[in-house]
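Asker: Attaching a single structure in structure tokens format; questions to follow.
The values are calculated or read from the model by the stated rules, or taken from the named source; none is laboratory data. Just so it is clear, the structure is predicted and the values come from calculations on it, not from any experiment. Positions of Cβ are generated from backbone atoms using ideal geometry, with glycine treated the same way; all protein chains shown enter the neighbour counts.
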Amino acid sequence: MAKHFLHLGFLLAVGALALKAAFMPPRMQASLKPGESAEIDGGVLVLKGFEVPKYRDGRPRQYISDVHVISGMGDVASGRRPKVRHAKISVNHPLRWNGWWLYQSSYDAVYESYTVIEAVRDPFLPMAALAGVFLLLGAALMCKCCFAPGCGAVAQADAKRSIADMIVCVVRFAVAAAVVMLPLFIAGRVLLVKELVPALQSPLLVPHVGAYIIAYAILIFAAFGIGKRFVPFGFFLMTLALVLGALWGKICWGDWWQYDPKEMWSLATWLTFAAWFHFRRNETASRWLLRFGAVMIILTLTWVNFSKLFKGLHSYV
């Protein structure tokens, strides 16, 4: 049953991406100065003001557009007054209006004379949301293996271990712990920085990054033969982080999947451990998939070291 939910969720996600690529949902941008306006689907977007609060070192803390959205302009002749909605649009705080999502996209970084508002309409978003629900449900059902003795061809430890076995176990634990310290160090540097760029100023930062870090720690330990029983729980956390990342992308950038290098690499890592569930009863395949998955995790975590070569939405150095 769990695999069926995973398969259905993955197919729905791929289907939503295929439909978006085939039909290209409407998307438009408007560069506005205070007092200027732009038409959007029968309504009018009026920019009342724009500001760029900054940190003490001069870096932008946020981009904020103060707007009025006027709808019902065509009803003036019938005596109906148009509806006016006042809102402030900033990074991670879009405005939902009449089926559109209005985003603070960019601005004039030199003179700060104008702002760029992006309007996005995604009719396939419900399909993508349903895909996320099925993926989470399937991954959650997998977790029952964590409590089932012998599940997934997990090797059972002998009651008596030789000194050599104990030494091997300690070395494995030490190496795995050293590898796990890398994601913890990276996460610490990100989460402890108070002056975050606008894109990172979201309540989803901690659960998104935290779920990935815990998942990666569990799966790396499993690759070293420690705690294989908890691979399903690590996979669930990875799925949760992936879904939260898609949600964050929709809220911040206007799209839940943009084929960013980090997104694609995280998906490849997820697919590696999804394959593990299909071959986990084969001891050789299970062992090598866990090892390959650990390598994928390390490469994913160290992607920040290559961000100057592979530019993407996740490059913050």
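Asker: Go through Val46, Val52, Val91 for me and flag whichever is touching a His at 6+ places or on another chain (Cβ under 7 Å), surrounded by 15 or more Cβ atoms within 10 Å (Cβ to Cβ) and within 14 Å of Thr115 (Cβ to Cβ).
Answerer: Values: Val52 fails: touching a His at 6+ places or on another chain (Cβ under 7 Å); Val91 fails: touching a His at 6+ places or on another chain (Cβ under 7 Å).
From the options Val46, Val52, Val91, the qualifying one is Val46.
Asker: On the basis of being surrounded by 12 or more Cβ atoms within 10 Å (Cβ to Cβ), basic (Lys, Arg), in contact with a helix residue (DSSP H, G or I) (Cβ under 8 Å, 6 or more places away or on another chain) and not in a strand (DSSP E or B), does Lys3 make the cut?
Answerer: yes
Asker: Of these, Leu8, Leu45, which one is under 30 Å from Leu271 (Cβ atoms), of a type outside the set (Gly, Ala, Ser) and not in a loop (DSSP other than H, G, I, E, B)?
Answerer: Leu8
Asker: If I ask for residues that are modelled with pLDDT of 90 or more, more than 19 Å from Val67 (Cβ to Cβ) and charged (D, E, K, R), which ones from region 1-49 would you list?
Answerer: Within region 1-49, Lys20 is the sole residue that qualifies.
Asker: Hey, any hits in region 74-89 for a residue that's in contact with a Phe, Trp or Tyr (Cβ under 8 Å, 6 or more places away or on another chain) and assigned to a loop (DSSP other than H, G, I, E, B)?
Answerer: no
Asker: Okay, next question. Quick one: in region 18-43, which of the residues that are touching a helix residue (DSSP H, G or I) at 6+ places or on another chain (Cβ under 8 Å) and either hydrophobic (A, V, I, L, M, F, W, C) or surrounded by 15 or more Cβ atoms within 10 Å (Cβ to Cβ) (or both) is farthest from Trp97 (Cα to Cα)?
Answerer: That would be Leu19.
Asker: Among (1) at pLDDT below 90; (2) surrounded by fewer than 22 Cβ atoms within 10 Å (Cβ to Cβ); (3) over 24 Å from Leu125 (Cα atoms); (4) not hydrophobic (A, V, I, L, M, F, W, C), where does Arg291 come up short?
Answerer: (1)
Asker: Determine the pairs where a residue that is at pLDDT below 90, located within region 72-96, has a partner that is of a type in the set (D, E, K, R) with Cβ atoms under 6 Å apart, the partner being 6 or more residues away or on another chain.
Answerer: Listed pairs, sorted by first residue: Gly72/Lys83.
Asker: While we're here: Quick check on my filter: what residues within region 251-266 are under 9 Å from the mean Cα position of the chain (by Cα) and either closer than 22 Å to Phe292 by Cβ or buried (at least 18 other Cβ atoms within 10 Å of the Cβ) (or both)?
Answerer: Step one: list which residues in region 251-266 are under 9 Å from the mean Cα position of the chain (by Cα), which gives 256-257, 263.
Of everything in region 251-266, those that are under 9 Å from the mean Cα position of the chain (by Cα) and either closer than 22 Å to Phe292 by Cβ or buried (at least 18 other Cβ atoms within 10 Å of the Cβ) (or both) turn out to be Trp256, Glu263.
Asker: Here's a follow-up. Name every residue in region 251-299 that is among the hydroxyl-bearing types (Ser, Thr, Tyr) and either in contact with a strand residue (DSSP E or B) (Cβ under 8 Å, 6 or more places away or on another chain) or in contact (Cβ under 8 Å) with a residue 60 or more places away in the chain (or both), in order of residue number.
Answerer: Correct list: Ser286 only.
Asker: Take the residues of region 267-283 that are exposed (fewer than 14 other Cβ atoms within 10 Å of the Cβ) and modelled with pLDDT under 90: which is nearest to Val209 (Cα to Cα)?
Answerer: Among residues in region 267-283 that are exposed (fewer than 14 other Cβ atoms within 10 Å of the Cβ) and modelled with pLDDT under 90, the one nearest to Val209 (Cα to Cα) is His278.
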